[in-house]
Each structure stands twice: as C-alpha cells, then as structure tokens.
Amino acid sequence: MEINAIEQIKRFQDFIDINYYNSLLENIRKGNKFLLVDFVELSKYDPDLATELLDAPEETIKAIEKAIEQFDVDGLNDLRIRFHNLPQSQHIMIRNIRSKHLNKLFFVEGVIRRKSDVRPQVTSARFECPVCGNIMNVLQLEGTFREPTRCGCGRKGKFVMLDKELVDAQGIVIEEAHENIEGGEQPKRINVLLTDDLVSPLSEKRTSPGSKVEVVGIVKEVPIISRSGAKSTKLDLMVDANYIKPVESTFYEIEISEEEEKQILEIANDPKGYEKLVNSIAPSIYGYEKIKEALLLQLMGGVRKTRMDSVVSRGDMHILLVGDPGSGKSALLKRITQIAPKGRYVSGKGVSGAGITAAVVRDEFLSGWALEAGAMVLSSDGLVCVDELDKMSNEDRAAMHEALENQTVSISKANIQATLIARTTVLAAANPKYGRFDPYGIIADQINLPPTLINRFDLIFPIKDLPEETRDEKMAKHILILHQSPEVNEPEISTEILRKYIAYARQKIIPKLTDGALEEIKEFYLRMRKSGGGDGGINAIPISARQLEALVRLSEASARSRFDDRVTRKDAKKAIELLDYCLMQVGFDRETGKVDIDRIATGIAATSRSHILILKDIIGELENRFGKSIPINDVVAEAKNRGLDEDKVEEALERLKRSGDIFEPKRGSISRI
C-alpha cells in the first residue's frame, strides 16, 4: 500500500513527537547531527511505515528528515536519521546480495579489512543561467560531476556555478566473518560508503581494520567506467551505510549480564574453581595438564604497563608448542581460537609476511593507497594461533619479530609510513627439526626455529609422543569413547561462561605485585643465575631478564584467574613451577647438569662456547710452532691434555669451519683465515 508523501511526513512527525522528542533535543544540545531510531518501535507504532522504509528507504528517510524539520527547534536542518535493530529477515550475507536487493534496506555483518582516508564529496551544486538568471539545483548522485544540460530559456551549456554542498565520505571494505562461512569458501567482500557523522573522529575508532561491525544500509549499484571512458554493462555493488555499530570484539568489550556475573563469581569462590577452569580449556584432548594451565594463564594475560619514560612492557604472553606429529597441537590451537574473541588461526605455508602483519594495497574505491591489516593487526586485543610455524619461510617469520616483542607493526611502503597496533597474544605450534623428537638427543638442538624468534616466547613446551602402556591405554579409551558418543565429554564450564569468566577477569582485575611475590621471584632468579657458575671456561646462563618478565606476567595472570588484585607468593610459586618445568625440558644441559638458557636463546650451549674458546687458544699457540698449516692430530692431542674429548673437539672444529674462522687447506690440517 503506497502512502502519499504528505501523509507519510505527518505520521513520522507524530511518531518522533511521541517517542523521540526528548532525545532529539538532547542530541541538538550536544551538537550531534543525527537521531538514532529503533526499528522495532517504528514497526510497533505503524507497521505500514516500517514496511515502506524497508522497500523504499531513500524516499522514506527523506520524508522523516522533512518531518523533523517541521519541529520548531533551532539546528534541525541537515539532521540525519539512523536506524538500528532491524528484523532478522533483513540480515543478508555479503555473498547472497543480488540485483533484486538493490535500493532496499538491509544489514550485513563482517570484519573491516581496510579503510580509505576521509575525503569531501559533492552532494549537490547550484548553477545560474547567465541569460535569464534562473537558478538550478543539480543533485550529484553518480561518480562523475554533473552540470545542467539546458535552461528553461533555451540556453545550452556554460552555466555559472554558485556553490556546492559537500559531505565527508570514507570507503571501507567489509569481509564476511570467518565463523559464518562453511569450509572451503573464500570470504566475500563489499565496499561500504560512510558519510557525514559516520566518519566523525568518535566513530573512526569503531571502524578501525580488524573490528567486527554490523552495517545497516541501502544496497546500490555503481557504474563501472571502462578504459575508453564508456560505461560498462556490468555494475559493481556497494552499501550506502545508514548506521554502523561494532559487534562484540575483544575481551574488554564483552557484555556480561547479572545472571552470568553470579555464575562467574560462584566459580571464583569454588575451592576447585581453578581446576575446573583448567579442565574446561580443552576437555576433548587427553592429558597435558601443565600446557592447559599455561593456556588458561595466557588467556587471562598479565598487566600492560606504561612507565614514566613511555616505555611499555607488554602484558600478553606468547607460548610455543613443539611436538611430535599427531600429539594434538592443532586441536589445542583450534579450541583456543573458539574461546578467545578475535581469535584467528593461520597455518604454515599458507601465511605470508604481509598476511600476518599488514600490506599496502591500491585503493580503487576512493583512489590512492590503503593499508590492509593482516592477522596480527586484525586480532589486536585478541589471540592469533600460528600452526606449522617451522614451515613458514624465514622472511615471513622475521615479520613477526616486532609484533611479538613491541606489539606494533611498522610499515614504510608506497609513501605510507605507519605503525599499526598489534596487541596480540600468540600461540604457536611447530614440529621438531627431523619431524619427530629423538628421545636421546638434546631437545633445544631439535627445535628448528631461529633463536631470535624462540627467545620472544615466554614458555616453550616440548610434546613427546613416547610409548607408555598405562598412558596409551587411557588415551586410546578417551579417544574411542569420544568417537562412540561425542557429547560425553562436556566441559565442566561451558565455553560461553569460560569466555565471559576470562573477560570479567580482564575487565575488572588489575593485580599488583606484593612484596612476598616480588621476593619469591627475585630469589628464584638469583638462585638460577648463581647455579650457572661453572669451574673454568664460560659460565652457563640459566635464565635471562626476559624470563624474569615472563614470571611477572604469569604471576599476574594467576592472580587474575582467582579474581585477586594482589599477586601473592602462591601465584609467584605457580609461575615459577611452570617456567621451571619448561626450562628443565628445553634448556637442560646434560653435560653440566645445569639449566642453560643459551641453548634456546642463541642455539649454542655455553659448554660448546667454552670448547670453542679453548680450541681457538690451542690453534693460536700451535700456529707459532707449526706456521700457517696446523695438523689436526696435534690440535686433538693438545685438547686432550686440557681435558676435551675427541668428539667434542670435532664438533667445535666443525662450528669454527661453519662460522668461517678456520678452513682446511689440505686433508688433515687446518689454517686460520
């Protein structure tokens, strides 16, 4: 049923008068140039008007704006009307937009992939005829600027432009959210045009790349101009946004109802609450209690601190799992992305440096260059799971260094110099060097990753798959029961409540170190440093300042997990226990019986470095005796006198050859370079 324009304006005026008059006055007082209307209230008041709005939105929105201008209040011209809370029937997937949806009001959901700069755009221009003085108003709705073709007096062309109306415009590209897509499909994108108050500095923050948003708007076609300047028969699609709102994105933005808060506090006060939380992290995966505990603390996170000299110490901790194939690493990663909001999962060979940090791309929409955010930036304040880290190329892995330590991504390409924020927690998984761990070898030597990257992970867990009868039986039973009845292993705390629990902890609890916890961490650190003291040669470095910061982060996360704003000795002990477990697994040097962080941090154990120094000394002495060419047998004999085994000498010589300190001019002798 068509409603004529005058009747429409009258009805809208009554509707605004009854429901929104006060908020209209409030908005004008604050200087806001828009009024937000709930669609549900409009449909309750007048279903015909609501239907008209969905079918012919442009005319209907103009009628509402005309109706608002009728009120006797200053500052009502140029007021924009915004609608939210549309019915679910108006929700449309980007991939399903067709020509029948053109010029109708819908809402789409997605993640902002990129956005262009804000630019002024002409909406209408006024021209004067130089012959008769007639003034013509031309609306600029298309991409190209239009002038009037002729005047009523018969004159054609060459009209004088008096003035033009401008609005601020910005283009964003929205991509379907990954969770709404079935496997094997590529997420589709659409351009969205934001104008007026939608590009104000306040809403700018809501539309940064990586934010998940809901856009209410009118689907429109855009003519494609071919290279020859002619219009193509194909048309492009875009959404002219009427309203844009962020959908729950980070832990800090999740809303928690009173009922949920009660449940959360019940868990926190339960003496077995912590165990329940750990067991709910990944109930379908058998064992790995220490790893699950570390993952819970990783989700809780430490406290981000900005010091007086503007140096920021990160609160997010990064964890690396290095394990045998088939040990459930990928399943753990997938599960964690479901718990964390803004959780993203990327894998090995399918990752490029630009895809994980950021890229500069040509912006066709409003011309120029635009930044396109990669996984680390998109999940800022969230979590990125990087599977098959060892399969990534070295250049792509190097792109992660800055994001891991400083939590920023700097880009300097195509006249764009930008530093993007990437406050992301990283959980990575990799396989050992030869595909599987050698149970008798040193674990640190089997992790096939550059030491600079490994050093940035707070905790490193090796996962060995060794046959052991009782454990194997329990695991087989666990897996087979899961296949027999998948619903058996329900987590003790549902995923939704677990997510809300973590969000509540991150929003409300900011723990501070107590003197007791500080003392405990300091004692452990000093004890470990002292234990590295060797007799002669180079001392092993059992622990470095990076591990000290990791201990602080783990202790804070432990306090958060039980909703305590004080980090106590108990939390510090828990952190020490976890770190000690990792160091004993990865950094233990069997030769000295001590923990040696250099095994992980630099790839060369302190003992090896000590051997290298002794050998260099021997070679220097023998050079005086034999001249340039020194027989290897004499080197080995001299080394034996100083207490070095033959295989240790060979290993050290091999390292010196590789580093370019010595070479072999002929078989059986060496020379210094």
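Any read-out appearing in this document is the output of simple, stated calculations on the displayed coordinates, not a laboratory observation. Bear in mind the structure is a predicted one, so any value in this text is a computation, not a measurement. Positions of Cβ are generated from backbone atoms using ideal geometry, with glycine treated the same way; all protein chains shown enter the neighbour counts.
Using the Cβ-Cβ distance between LYS104 and GLU26 with R0 = 35 Å, the FRET efficiency computed as 1/(1 + (r/R0)^6) comes to roughly 0.65. Summary value for the chain: 10 percent relative contact order, contacts being C-alpha pairs under 8 angstrom separated by 6+ residues. Between MET161 and ASN134, residue separation times 0.36 nm minus the direct Cα-Cα distance comes to 8.5 nm.
Among the trypsin sites (Lys or Arg not before Pro) found in the range 245-348, those both in a DSSP coil and sparsely packed, with 10 or fewer other Cβ atoms within 10 Å of their Cβ, are LYS272, ARG307.
Scalar couplings 3J(HN,Hα) for the range 105-115, obtained by applying the Karplus form with A = 6.51, B = -1.76, C = 1.60 to θ = phi - 60°, are 8, 9, 10, 10, 10, x, 9, 6, 8, 7, 9 Hz; x denotes Gly and Pro. Among CYS385, ALA545, PHE663, pick out the residue whose Cα is farthest towards the positive end of the charge dipole of the chain, where Lys and Arg carry +1 and Asp and Glu carry -1 on C-beta, about the Cα centre. So the residue furthest toward the plus end is PHE663.
Taking each of LYS164/LYS212; LYS30/LYS305; LYS334/LYS413; LYS262/LYS512 in turn, the alpha-carbon distance tops 30 angstrom for LYS164/LYS212; LYS30/LYS305; LYS334/LYS413. Were the residues from ILE225 through ARG307 laid out at 0.36 nm apart, the gain over their Cα-Cα distance would be 24.1 nm. The angle between the Cα long axis of helix 646-659 and the main principal axis of the chain comes to about 40°, on a 0 to 90 degree scale. Of the residues TYR504, TYR345, the one with the fewest other Cβ atoms within 10 Å heads the list, and the complete ranking is TYR345, TYR504.
On the beta carbon distance between GLU266 and GLU623, with R0 = 51 Å, the FRET formula returns roughly 0.10.
Report, in degrees rounded to the nearest 10, the 0 to 90 angle that the Cα long axis of helix 632-641 makes with the longest principal axis of the chain. Here the helix axis deviates by roughly 80 degrees. Once R0 is set to 51 Å, what does the formula 1/(1 + (r/R0)^6) return for the Cβ-Cβ distance between LEU482 and SER393, expressed as a FRET efficiency to the nearest 0.05? After rounding to 0.05, the efficiency reads 0.90. Counting only residues at least eight positions apart within a chain, or on another chain, the aspartates and glutamates with an alpha carbon under 14 Å from that of LYS234 are GLU221. Measuring from each cysteine beta-carbon in the chain, the ones with no other cysteine beta-carbon under 4.7 angstrom are CYS385, CYS582.
Net charge in the neighbourhood of VAL311 (other residues with Cβ under 13 Å of its Cβ; Lys, Arg +1, Asp, Glu -1) is +1. The modelled label-to-label distance for the pair GLU519/ARG566, using points 7 Å beyond Cα in the direction of Cβ, is 1.3 nm. Were the residues from THR452 through ARG146 laid out at 0.36 nm apart, the gain over their Cα-Cα distance would be 104.3 nm.
For a paramagnetic label modelled on ASN19 (point 7 Å from Cα along Cα→Cβ), amide N atoms under 18 Å away belong, within the range 26-52, to 26-27, 34-52. Inter-part distance, the range 459-483 to the range 633-663, computed on C-alpha centroids, equals 43 Å. Ordered by the count of other Cβ atoms within 10 Å of each Cβ, fewest first, GLU556, GLU175, GLU293, GLU405 give GLU405, GLU175, GLU293, GLU556. Straight-line cross-link reach from LYS530 at under 21 Å between alpha-carbon atoms covers these lysines, not counting any fewer than eight positions away in the same chain: LYS522, LYS573, LYS594. Which aspartates and glutamates, if any, have their Cα less than 12 Å from the Cα of LYS245, not counting same-chain residues under 8 positions apart? Correct list for LYS245: GLU109, GLU204, GLU214.
How much of the DSSP beta bridge set in the chain is antiparallel, as a percent to the nearest 5? Rounded to the nearest five, the antiparallel share is 70 percent. Of the GluC sites (Glu not before Pro) in the range 1-62, the ones in a loop by DSSP (not H, G, I, E or B) with at most 14 other beta carbons within 10 Å are GLU2. Which label marks the calculated value of volume of the Cα convex hull per residue in Å³, given the options (1) 337; (2) 183; (3) 258? Calculated volume of the Cα convex hull per residue in Å³: the matching label is (3).
Checking the cross-link pairs LYS62/LYS100; LYS220/LYS349; LYS628/LYS648; LYS433/LYS500 against a 32 Å limit on the alpha carbon distance flags LYS220/LYS349; LYS433/LYS500 as lying beyond it.
For the chain, the longest principal axis of the C-alpha atoms and the axis of helix 469-484 are separated by about 20°. Remark: HIS91, HIS84 ranked as HIS91, HIS84, counting other beta-carbon atoms within 10 Å and listing the fewest first.
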